[in-house]
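Before any comments, here is the structure.
The values are calculated or read from the model by the stated rules, or taken from the named source; none is laboratory data. Given the structure is predicted, the values throughout are model-derived calculations rather than measurements. Every residue, glycine as well, gets a Cβ built from its backbone with ideal geometry; the counts of neighbours run over all protein chains shown.
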Amino acid sequence: MPVKPRHAQSPNPKRWIKAGAAALAATALAVTALVAGSTAATAATVGIFPDDLKPVVAADPDTNSVNLGVKFSPSLPGTVVALQYYQGPQDSGITKATLWSSSGSALASVSVTPSRTVGWHTVSLPKPVRLTAHATYVASYLATKGHYSVTENSLYTSHVVGPFALPANAGVYRYSTSNAMPTSTYKGSNYLADIVFAADAGAPTTPTAPTTPVTKPTATPTPTATPRPVPTQTPTPVPVPTATPTPTPAPAPAPAPAGGITALGRSFPSPATTGVPAGTTLTAYTGPCTIQTPNVVIDAKTINCNLEIAAKGVVITRSKLVGGVYADATANVGSFTITDSFVDAGNKAGTGIGDANFTATRVHVTGGNRSINCYANCTVQDSYVNDQFTDKTGVYHESGIRINTNSHLVHNTIGCNAPDVAPDAGCSAAITGYPDFDPVTGNIVNGNLILADSGGYCSYGGATPGKPFSGQTSHIQFLNNVYQKGSTGKCGWWGPITSFDTSAPGDLWSNNLYDDGSIAAAAN
């Protein structure tokens, strides 16, 4: 990461070996990714992010004092000899850099002389700090005047970069006028904090390909000057890399538990692996149908209404919803997670889960004309979506999941099997993205099973010609998905996907296959 001015401040030689970076890039995805390299030489030092990494947003309008950092785990024992941060053009209030243990103890803290020099800065530690392999640490800096540099949507998913494992949402922040370990997350943001790490002598430092792609971020609008409206999350540790990995063009997410749907030797979610766990005793939900209290937890309930989430951090687990649950995207006051639950949107038009600021994991969704609406900032993972309602009025166009902005669909089974009813009703696709009202941007569809016979096409890529925002589609990525061939031999009536613009900025179609192993091609 360091450029020449940073070398002058560091006691070590360049911590990034360009040959190592090139070798890793050659074996990893063809995505514009954050890829780190290293060297087997004992004296070499490495960091998490590449030398030429620059933020999408050079100066956030937020003026609050805030601690910003990155959470990581080294796969090798060694020492941190310096801390690093990116200095933006207006970020003149950086006063301290700190290395933290997972428990919040400051292992090292160094005062920083405020500067206006844009770029990466390295702050040497007075004494190297020893790190234990596979333990979790946070490197952070205190920006007392805000205006920090940031790249949103960069660290949403867990991955391995060189000898470092980063959990999902590894970028962390904490508002404070004093030094404090950051723990909150926001939109998978990367706040460009880093370390200079020297592995112990004899420890293998062969570059390791990322376990999941670290995608080029979307240049979405920057956050406002108010504190980040997202609850603190505790990411799950990522797998430890081996010394001799076998890189693939696009690694797929972990398989589903036993009982899933098998395709190409991979297991995908099914009704048996999603929904309310067997043996759970449900009782009637007696709370309000509009939740306005933050951090409410609903567990093991039967909910017979449409839940409106109008507060942050609401949690729904092991429950059956007869209706739906949503946080309004326009109001933008609610966020929620729903896990191990069953959602029945009913034999009528409606949405099971929507519309913004939510995470759905191991959820089984049926009914309605649109099972899930990912309008903005959502993640759907390890879930099963199918069996929409039969529209006898012949009006509704139906779909499994609709994507729009910052939608992440990871290792799901997604289908739309509502029958056609004249004159217009029936399935458009399992996955839809239409540029009618907004640009379709920043969406990742990775490692899903797309069920056959889900419409004219099985998926839409967000660039439908003639729509108001057709020309603004960007950063749409379909990776590692399996499309069932079905009765037509090409998933949908005409093909697996349409309106996917391979020339749009950041768009990527990689390692998508039919269930017989043949290549599923993108179609503009």
| field | Single condition ASP387 does not satisfy, out of (1) surrounded by 21 or more Cβ atoms within 10 Å (Cβ to Cβ); (2) closer than 20 Å to VAL325 by Cα | value | (1)
| Only one of TYR141, TYR156 that is among the aromatic types (Phe, Trp, Tyr), in contact with a Gly (Cβ under 9 Å, 6 or more places away or on another chain) and outside any loop (DSSP other than H, G, I, E, B) | TYR141
| Is at least one residue of segment 432-445 among the hydrophobic types (A, V, I, L, M, F, W, C) and touching a helix residue (DSSP H, G or I) at 6+ places or on another chain (Cβ under 9 Å)? | yes
| request: Kindly indicate which of PRO419, PRO468 is at pLDDT below 95, touching a Gly at 6+ places or on another chain (Cβ under 8 Å) and in a loop (DSSP other than H, G, I, E, B). | output: PRO419
| said: Based on this model, can you work out whether TYR191 counts as of a type in the set (Phe, Trp, Tyr), out of contact with any Phe, Trp or Tyr (no Cβ under 8 Å at 6 or more places or on another chain) and modelled with pLDDT of 50 or more? | reply: no
| said: I'd like to verify a number: residues in segment 487-524 that are touching a Cys at 6+ places or on another chain (Cβ under 6 Å) and at positive phi, how many? | reply: 1
| query | Name the pairs whose Cβ atoms lie under 9 Å apart, with the first residue in segment 193-206 and at positive phi, the second at pLDDT below 55, and 6 or more positions between them or separate chains? | reply | GLY202/THR42
| task | Would you mind finding the one in ALA523, ALA504 that is part of a loop (DSSP other than H, G, I, E, B) and outside the structural domain of GLN388 (by TED's automatic domain parsing)? | result | ALA523
| note | Within segment 331-350, residues at pLDDT 95 or above, surrounded by fewer than 24 Cβ atoms within 10 Å (Cβ to Cβ) and over 19 Å from ASN169 (Cβ atoms) come out as ASP340, PHE342, ASP344
| query | Filtering segment 437-482 down to residues that are among the aromatic types (Phe, Trp, Tyr) and within 15 Å of GLY400 (Cβ to Cβ), which residue is surrounded by the most Cβ atoms within 10 Å (Cβ to Cβ)? | reply | PHE478
| task | Return yes or no: is ARG402 modelled with pLDDT of 95 or more and among the basic types (Lys, Arg)? | result | yes
| said: Among the residues in segment 170-179, are any at pLDDT 90 or above, farther than 25 Å from ALA201 by Cβ and more than 23 Å from the chain's Cα centre (by Cα)? | reply: yes
